[in-house]
Amino acid sequence: MYAQCAKCNLYQGGRPHEARDHVVKVHGEEVFEQLREQRFQQRKFTIKELKELEVEYKRRADELLARFQE
């Protein structure tokens, strides 16, 4: 979901209440509950799915690099 700074994550226990409030504020209570229910579920990907993810994230990375190079 979101990265946390080292201070919050390492020295303040992840600040779970603030993190929860942020997710609810941005995405809503329903999304938070869905994420909470899924937190321990494992997902097995096929080789095809992994290759598709690789292509998608490469595209996203290229877009970000292009924006920062402008």
Inset, instruction - State whether one or more residues within segment 20-41 are outside any helix (DSSP H, G or I), out of contact with any Ser or Thr (no Cβ under 7 Å at 6 or more places or on another chain), open to solvent by 90 Å² or more (accessible area, probe 1.4 Å) and more than 19 Å from ALA3 (Cβ to Cβ). - result: yes
Restricting segment 1-19 to residues that are on the phi > 0 side of the Ramachandran plot and small (Gly, Ala, Ser), the one most open to solvent (accessible area, probe 1.4 Å) turns out to be GLY13
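The values are calculated or read from the model by the stated rules, or taken from the named source; none is laboratory data. None of the values given here were measured: they were computed from a predicted structure. Because the Cβ atoms are built from the backbone with ideal geometry, glycine has one as well, and the counts that use them run over all protein chains shown. Ligands, DNA and RNA are excluded from the accessible area calculation, which covers all protein heavy atoms including side chains. Shrake-Rupley method; radii C 1.70, N 1.55, O 1.52, S 1.80 Å.
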